[in-house]
Amino acid sequence: MLFYSFFKTLVNKEIAVELKNDVALTGRLHSVDQYLNIKLLETKVVDAERYPQLTSMTSVFIRGSVVRYIQIPKADVDVDLLQDAARKQNTSSQP
Amino acid sequence: MAAALKEIVNKQVSILTCDGRSIVGQLRGVDQVTNVILDECHERVYSADAGVEQVVLGLYIIRGDNIALIGELDADLDSKTDLATVRARPIKPVVHSL
């Protein structure tokens, strides 16, 4: 749930998503869910020439299971806070 | 999630499957695991040496496991593209582990 909450704070920010089939997209984060499925608006395909299949798409829903990377602007993340929260979650889950 | 997808129900969508196929049709239904009902759908087979081949499929249920991406098609943009002139290498299949 930690990263779900984290992504909710990034709604409306520009992000880049790279998929496990090497397709890369950029767009504005519209919504995210518990499976880290992502919906992007104003989507642009990074290598549009290579992927004409995707050029007519405006908004895109990406299944969480096919995401390899999500790139976010550094300014939009408080890395220390995130690291802290992750550490707390990991230590509290120990018996 | 259901909410994000429910917004595009009844719209024209293009689904990118995990094996690299593109299937275009009207999105009729979705569920929690992204199983999808696609009406009046056809597969667009892209090739590096020939234009796009469209294979009519009809009414399909696509299992969520096999779906990589669901894109809402802009009707204007789509009608402007002349599929006969489009050349593209196939999209790679999704690989979960290296």
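Report, by residue number, each residue of the range B:55-77 that is open to solvent by 30 Å² or more (accessible area, probe 1.4 Å) and either within 7 Å of chain A (Cβ to nearest Cβ) or at pLDDT 90 or above (or both). Reasoning before the result, please.
The initial filter retains those residues of the range B:55-77 that are open to solvent by 30 Å² or more (accessible area, probe 1.4 Å), namely B:55-57, B:59-61, B:63, B:65-66, B:72, B:74-77.
Result: B:55, B:56, B:57, B:59, B:60, B:61, B:63, B:65, B:66, B:72, B:74, B:77.
Could you tell me whether residue A:60 is on the phi < 0 side of the Ramachandran plot and within 9 Å of chain B (Cβ to nearest Cβ)? Lay out the reasoning, then the answer.
Details: on the phi < 0 side of the Ramachandran plot: yes; within 9 Å of chain B (Cβ to nearest Cβ): yes.
For residue A:60, the condition - on the phi < 0 side of the Ramachandran plot and within 9 Å of chain B (Cβ to nearest Cβ) - is met.
Looking at (1) more than 10 Å from chain A (Cβ to nearest Cβ); (2) under 16 Å from residue B:81 (Cβ atoms); (3) assigned to a strand (DSSP E or B), find the lone condition where residue B:51 falls short.
All conditions are met except number (3).
Which condition number in (1) more than 9 Å from the chain's Cα centre (by Cα); (2) at the interface with chain A (Cβ under 8 Å from one of its Cβ atoms); (3) without any contact (Cβ under 8 Å) to a residue 60 or more places away in the chain; (4) surrounded by fewer than 20 Cβ atoms within 10 Å (Cβ to Cβ) is the one that residue B:44 fails?
Here residue B:44 meets the rest and fails (1).
Tell me, please, whether a residue that is among the aromatic types (Phe, Trp, Tyr), away from chain B (no Cβ under 14 Å) and open to solvent by 80 Å² or more (accessible area, probe 1.4 Å) can be found in the range A:69-85. Give the derivation first.
Taking the range A:69-85 as the starting set, the residues that turn out to be among the aromatic types (Phe, Trp, Tyr) are A:69.
Still in the running and away from chain B (no Cβ under 14 Å): none.
No, the conditions are met nowhere in the range A:69-85.
Collect the residues in the range A:20-30 that are open to solvent by 20 Å² or more (accessible area, probe 1.4 Å), touching a Leu at 6+ places or on another chain (Cβ under 9 Å) and either within 9 Å of chain B (Cβ to nearest Cβ) or β-branched (Val, Ile, Thr) (or both), keeping them in residue-number order.
Step one: of the range A:20-30, the residues open to solvent by 20 Å² or more (accessible area, probe 1.4 Å) are A:20, A:22, A:24, A:26, A:28, A:30.
Remaining after also requiring touching a Leu at 6+ places or on another chain (Cβ under 9 Å): A:26, A:28, A:30.
Selection gives A:26, A:30.
When you look at residue B:37, is it more than 8 Å from chain A (Cβ to nearest Cβ), open to solvent by less than 30 Å² (accessible area, probe 1.4 Å) and not in a loop (DSSP other than H, G, I, E, B), yes or no? Working first, answer last.
Details: more than 8 Å from chain A (Cβ to nearest Cβ): yes; open to solvent by less than 30 Å² (accessible area, probe 1.4 Å): no; not in a loop (DSSP other than H, G, I, E, B): yes.
Against the criterion (more than 8 Å from chain A (Cβ to nearest Cβ), open to solvent by less than 30 Å² (accessible area, probe 1.4 Å) and not in a loop (DSSP other than H, G, I, E, B)), residue B:37 does not qualify.
Quick check on the range B:78-95: of everything there that is among the aliphatic types (A, V, I, L, M) and outside any loop (DSSP other than H, G, I, E, B), which residue is least open to solvent (accessible area, probe 1.4 Å)? Please lay out each step first, then the result.
So in the range B:78-95, the residues among the aliphatic types (A, V, I, L, M) come out as B:83-84, B:86, B:88, B:91, B:94-95.
With outside any loop (DSSP other than H, G, I, E, B) added as a condition, the list becomes B:83-84.
Details: B:83: 34, B:84: 63 Å².
Ranking the qualifying residues of the range B:78-95, first place goes to B:83.
What pairs can you find where one residue is in the range A:36-53 and away from chain B (no Cβ under 11 Å), the other is surrounded by fewer than 19 Cβ atoms within 10 Å (Cβ to Cβ), and their Cβ atoms are less than 6 Å apart, with a gap of 6+ or different chains?
Going by the 6 Å Cβ cut-off, the qualifying pairs are A:42/A:28; A:44/A:26; A:46/A:24.
Among the residues of the range B:22-32, what is the count of those that are surrounded by 13 or more Cβ atoms within 10 Å (Cβ to Cβ) and free of Cβ contacts under 8 Å to residues at least 40 places away in the same chain?
Here is the first cut: in the range B:22-32, the residues surrounded by 13 or more Cβ atoms within 10 Å (Cβ to Cβ) are B:22-30.
Okay, now just the ones that are also free of Cβ contacts under 8 Å to residues at least 40 places away in the same chain, so B:23, B:25-26, B:28-30.
The qualifying residues number 6.
The values are calculated or read from the model by the stated rules, or taken from the named source; none is laboratory data. Quick caveat, the model's predicted, so the values are computed rather than measured. Heads up, the Cβs are rebuilt from the backbone with ideal geometry, glycines too, and the neighbour counts pull from every protein chain shown. We work out accessible area using only protein heavy atoms, side chains counted, and drop any ligands, DNA or RNA first. Shrake-Rupley method; radii C 1.70, N 1.55, O 1.52, S 1.80 Å.
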